[in-house]
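Here's the structure we're looking at; comments come further down.
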Amino acid sequence: MHISDRLRPGVAALTLVVATAHLAGAPGPAAVKKAGSVKSAGGFELTVDSIMRGPKLVGYPPTGLRWSGDSSHLYFEWRHDGEDDAATWVVARDGGAPRQLTDEERRSAPPVNGRWDAAHRRVLFVDRGDIVLLDSATGNRRQITRTTGNEGNPRWARQESAVTFTRDNNLFIVPLDSGEIAQLTDIQPRKRDPRDTDSQKFVKEEETRLIEHTRVAAEKKKRADEKDRSRALPKFELADRQTANDLQLSPDGTHVFVLVVERAETAKRPNVPNYVTESSYTEDIPARTFVGDTQDRRWLMVMNTASGKNVTVDSPVAAVKDTTETKGAMPSGVRWGMPVLSDDGALAVAHVRAANNKDRWLVAVDPESGKVRIVDTLHDDAWVREVGGSGSIDPSFGLLPDRKHVWFLSEHDGWMHLYTVDATSAQPSARQLTQGTWEIDAVVLSTDGRTFYITSTEVHPGERHIYAMPTEGGARTKLTSMPGGSSGEVSPDGGTFGLIYSSSTKPNEVYVMPNRAGATATQVTTSTSEEWRSFKWIEPQLVTYRTRDGVEVHARLFTPEMIGAKRDPAAPAVVFVHGAGYLQNAHRYWSSYYREYMFHNLLASRGYVVLDPDYRASAGYGRDWRTAIYRHMGGKDLEDVVDGAKYLVAAQKVNPKRIGVYGGSYGGFITLMAMFTTPDVFAAGAALRPVTDWTHYNHDYTANILNEPQADAEAYRKSSPIYFADGLKGALLICHGMVDTNVLFQDSVRLVQRLIELRKDNWSVAPFPVENHGFEEDTSWADEYKRILKLFEDTLKPHDTRRAS
């Protein structure tokens, strides 16, 4: 998991505050009294307690749009207040009132994630470890397997007349007409047969020479073994710590592609102590490894089902070592993805990444020889961006129906755009289909293979709209028109879009819309409570400001005037720093930081000006923006935050002595760097679940940006707040969940010890014993944000202007 607060996973909560001795007398959040809060006509009161109810106030967003195979109905997942889990809902393609399915009806609904047939009517999926086939038009559900084992990776085979799946490192097939399961491979852990000693070998050989019966029996056994081998399944022996992670049968049935994963032997995982347990005893939660530790290996092998021959597919490194893209240091290892196969089996194209993530290749694989041919390559001296997605299908590339061309997303020109390439050509050359200083978020190929549906930022970096474009390229047709953010699923017949739409002040809701430009979208769901809708929430202003090195930073701005509050001369200000991974928050759609959005409304009502910038490394602004933090986190990104504070002084006339900063995860890290390295800019800071030492964070995220610590110690030292703690002057609050398995609580503990040793005295720490990286309980959220509010009220306002929450 990257450093992101987008999903906010977590467990139950109990709050506890620990202050160092020099702050023992400081009052906690309970000392903040209610007074002068803003109320709506509907009775909603803008307080920390009210807004930190989260989904109980704002509602749960609908997710998982998918269509029935006949395009008549749209399904989605939706949870209501008081429900433990989301239920499945359905609505007609023309809209109307949605209906919640019963548990029995839900079994016949299309799954959220599955592998559809070419007609997008039947779908394969895994349900509790078994393989299921569903006809989404008729609702007919067929159980392909029902075992105590764990089956996975279902795929269509033999022109969609059969189904393959994996279990216990092997591949199985089920013809749909017979339903009989047949095993296709024999992949087993390597057996450690005892080796005969010299004495045992001698005795055995002598026995064969002396006794004719023994000799005849041995020859008979040899012939039987040879006969068994001729009828045996293709075999492969797995070494220690190896597993066959995924297996795929070629369309002609002659080859099986196998992704082999070897777990790292010496990697060490820290344990996270869990202090509040059902047993009342402390229990350990295993966490991820630290950056730079030994990583798993991943490679591709091909088995010939007829001959039994196995080949390990060549690394693309050797094939490109003389090209201009990779001159200089060569990557030492690669990570394979499962190939995408043409329906005739003539083409197999795989996505391969260098272990150091500085190279990405698309390669055509010859399954018989294991040789590869480069289709496209991308090198980045910093790191190559990965395009994420859900499910087992790679969202960054695919095959077109002509069985020759591959479409893919790439930052070839510095922005994420769409390309195609003839993968059968001896000298393939990619063709760029979209271009401009904007980015593509997602691409989906229509069921008939004639149209790309593209979600992009073409209108504005802070908006997401859906476009249609022919697969051969050309003019794009903008389909959505509502300002904000739209994502969606087109019906199999291409006639209707199911949308998830939101704006800055309106959370995600389901809409249906005819698939044509300018069509009216009809709202299907209403997730928010009446209480929430009764309040007039701020429409944040999108602004830009110029930094010291001349770039324009996009940001959200909240002011007292926007909520009808009085602004005092030289008002106080707060800069919010969103989390990272690859996120954006200065946009016109609903924020994943919706609690913080409401908190900024509260701050504005109390006279604060709030700035929420998309500092460098935020999503949506191209490759150079994304990689500006390479080898120095807390460099350009921190400068953008500091220059944001200067913008507030110059443009919003805030008091330069009364500016605070706060944020969680990566935002907590930036808060610490700001308080330690620019102590005269910010009078107070609240660092929530902060990274304090990057050598203690995970490998996948950190090694991309800072390389590995043993190879680039300088990058880690200049990027880690713990090395700069001596610079603290202002008031600092640290909040951290004690069972955080992402940014470990140990990060804050080590920083606390460092502050004690430095004899710093203007800080406090609040640990939350049963919270993970993203808090879950209302009480934890409220306790944390009361402390943040009190910190700002105590340090950023004159004593005679303070108000309680």
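The values are calculated or read from the model by the stated rules, or taken from the named source; none is laboratory data. Fair warning: this is a prediction, and the values are worked out from it, not measured in the lab. Don't worry about glycine lacking a Cβ; one is built from the backbone with ideal geometry, like all the others, and counts go over all protein chains shown. These accessible areas exclude ligands, DNA and RNA; they are computed on the full protein's heavy atoms, side chains included. Shrake-Rupley method; radii C 1.70, N 1.55, O 1.52, S 1.80 Å.
Things to note:
Condition check ((1) among the hydrophobic types (A, V, I, L, M, F, W, C); (2) open to solvent by 20 Å² or more (accessible area, probe 1.4 Å); (3) in contact with a helix residue (DSSP H, G or I) (Cβ under 7 Å, 6 or more places away or on another chain)) across all residues:
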| residue | (1), (2), (3) |
| --- | --- |
| ILE374 | yes, yes, yes |
| LEU399 | yes, yes, no |
| GLN435 | no, yes, no |
| SER456 | no, no, no |
| PRO461 | no, yes, no |
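- In region 452-480, residue nearest to ILE538 (Cα to Cα) [restricted to those that are hydrophobic (A, V, I, L, M, F, W, C) and not in a strand (DSSP E or B)]: VAL459
- Within region 294-307, tally of residues that are in contact (Cβ under 8 Å) with a residue 60 or more places away in the chain and either within 21 Å of LEU744 (Cα to Cα) or open to solvent by less than 30 Å² (accessible area, probe 1.4 Å) (or both): 6
- Complete set of residues in region 679-717 that are surrounded by fewer than 18 Cβ atoms within 10 Å (Cβ to Cβ) and closer than 30 Å to ASN655 by Cα: PRO679, ASP680
- Taking region 508-619 as the region of interest, the strands (runs of 3 or more DSSP E) fully inside it that hold 3 or more residues being open to solvent by 50 Å² or more (accessible area, probe 1.4 Å) are 541-546.
- Of everything in region 294-309 that is touching a Pro at 6+ places or on another chain (Cβ under 8 Å) and assigned to a strand (DSSP E or B), the residue that is nearest to ARG263 (Cα to Cα) is LEU300.
- Test: residue in region 651-660 that is surrounded by fewer than 24 Cβ atoms within 10 Å (Cβ to Cβ) and part of a strand (DSSP E or B): no
- In region 354-367, the residues that are under 21 Å from the mean Cα position of the chain (by Cα) and in a loop (DSSP other than H, G, I, E, B): ALA355, ASN356, ASN357, LYS358
- Residue within region 745-765 that is touching a residue at least 40 places away in the same chain (Cβ under 8 Å), over 20 Å from ALA287 (Cβ atoms), hydrophobic (A, V, I, L, M, F, W, C) and open to solvent by less than 10 Å² (accessible area, probe 1.4 Å) present: yes
- GLY370 fulfils the conditions (1) surrounded by 15 or more Cβ atoms within 10 Å (Cβ to Cβ); (2) assigned to a loop (DSSP other than H, G, I, E, B); (3) on the phi < 0 side of the Ramachandran plot except for a single criterion, (3).
- Annotation: PRO483 fulfils all but one of (1) open to solvent by 30 Å² or more (accessible area, probe 1.4 Å); (2) in contact with a Lys or Arg (Cβ under 7 Å, 6 or more places away or on another chain); (3) not in a loop (DSSP other than H, G, I, E, B); the unmet one is (3).
- Matching option when the condition is without any contact (Cβ under 8 Å) to a residue 24 or more places away in the chain, over 30 Å from GLU237 (Cβ atoms) and out of contact with any Pro (no Cβ under 9 Å at 6 or more places or on another chain), among ASP177, ASP168, ASP117: ASP177
- Of the set (1) more than 21 Å from HIS773 (Cα to Cα); (2) open to solvent by less than 10 Å² (accessible area, probe 1.4 Å); (3) assigned to a loop (DSSP other than H, G, I, E, B), all apply to ALA645 but (3).
- Selection within region 241-293 - over 22 Å from the mean Cα position of the chain (by Cα), among the aromatic types (Phe, Trp, Tyr) and closer than 20 Å to ASP747 by Cα: TYR275
- Region 493-513, residues that are touching an Asp or Glu at 6+ places or on another chain (Cβ under 9 Å) and within 29 Å of ARG121 (Cα to Cα): ASP493, GLY494, THR496, PHE497, GLY498, LEU499, ILE500, TYR501, VAL512
- Whether a residue is at pLDDT below 95 and either in a loop (DSSP other than H, G, I, E, B) or within 20 Å of GLU509 (Cα to Cα) (or both) was assessed, and GLY42 passes this test.
- The residues of region 353-367 include none that are under 13 Å from VAL421 (Cα atoms) and either surrounded by fewer than 19 Cβ atoms within 10 Å (Cβ to Cβ) or among the basic types (Lys, Arg) (or both).
- Residues that are under 26 Å from the mean Cα position of the chain (by Cα), among the small types (Gly, Ala, Ser) and either outside any loop (DSSP other than H, G, I, E, B) or closer than 25 Å to HIS600 by Cβ (or both), drawn from region 46-93: GLY54, GLY59, GLY64, ALA87
- Total residues in region 767-787, condition outside any helix (DSSP H, G or I), under 17 Å from TYR594 (Cβ atoms) and open to solvent by 10 Å² or more (accessible area, probe 1.4 Å): 2
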